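The values are calculated or read from the model by the stated rules, or taken from the named source; none is laboratory data. In this text the structure is predicted, and so the values were computed from the model without any measurement. Here the Cβ positions follow ideal geometry from the backbone for every residue, glycine too, while neighbour counts run over all protein chains shown. When the accessible area is computed, the model is the full protein with side chains, heavy atoms only, and any ligands, DNA or RNA have been set aside. Shrake-Rupley method; radii C 1.70, N 1.55, O 1.52, S 1.80 Å.
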Amino acid sequence: MEKEIAFLMDVYRRLYDYFGPRGWWPGETPLEVVIGAILTQSVAWRNVEKAIDNLKDANLLSVEALAVVDQEALEPLIVPTRYYKAKAKKLKVFINHLVGDHNGHLDSLFQGEMEEVRRKVLSLWGIGPETADSILLYAGNHPTFVVDAYTRRIFHRLGIFPEDVNYETMREYFMRHLPVDISLYNEYHALIVGLGNRVCAANKPDCRQCPLHDVCQKFRKESAHA
DNA sequence: GTCCTGGTGG
DNA sequence: CCACCCGGAC
């Protein structure tokens, strides 16, 4: 048990020393974080920025404006994020719940015991575990660990998870072995994403410049063959 | 052609 | 388990 804490904190320190603080989430307000978390599903963040700029230019970055805008009017603005019809619906579903059950206030939505809030957010159509945890951590200041496809890929290569590990198993691993710390969870996930899209790529990982190469099982195996 | 901070429905 | 949603950068 103590070994896992030491390992996870060593990985964290290496990533932090390599990248520095990432300053996440890249959104200016809690509402923007929520919108970004939905729009970034399976899409590069670069595309999300375009959509958020479009929403901002249309004066739609407020609960009041999003509450009255038609779903069909939302669609053309978020085309850069792919699946724009589905995502327009997801945004409306979230806003409708926020207005209907919380008088439009995110503070009210986030109030209460974390797992209770998480179940409530997860029950909304279009909000899966990664989006829910991103919203809870980065907009709601709840200490939940966000995991994603990068986390699975990186920690599988490190030798920690099987390739087909599910979301909840990964989340529980981090939350069981790390101290409950919002800032740590915030930065750790951001660093994992940084490594995932800059170094530990799906096809051609750049293992030579990876700050984790000497503790990586996959790297050791490939070296053993050389 | 590949990959990108997923989620739903069959 | 798999199809679908369905744009943009490299």
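At a glance:
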read-out	value
Failed item, numbered, when residue A:37 is tested on (1) out of contact with any Pro (no Cβ under 7 Å at 6 or more places or on another chain); (2) open to solvent by 40 Å² or more (accessible area, probe 1.4 Å)	(2)
Where residue A:43 falls short, out of the listed (1) under 30 Å from residue A:210 (Cβ atoms); (2) free of Cβ contacts under 8 Å to residues at least 24 places away in the same chain; (3) surrounded by 14 or more Cβ atoms within 10 Å (Cβ to Cβ)	(2)
Residue list for the stretch A:51-87, filter: in contact with a Ser or Thr (Cβ under 8 Å, 6 or more places away or on another chain) and within 16 Å of DNA strand B (Cβ to nearest atom)	A:51, A:81, A:82, A:83, A:87
Number of the condition not met by residue A:128 [criteria: (1) of a type outside the set (S, T, N, Q); (2) more than 15 Å from DNA strand B (Cβ to nearest atom); (3) within 25 Å of residue A:167 (Cα to Cα)]	(2)
Flag for residue A:49 being among the acidic types (Asp, Glu), at pLDDT 95 or above and surrounded by fewer than 16 Cβ atoms within 10 Å (Cβ to Cβ)	no
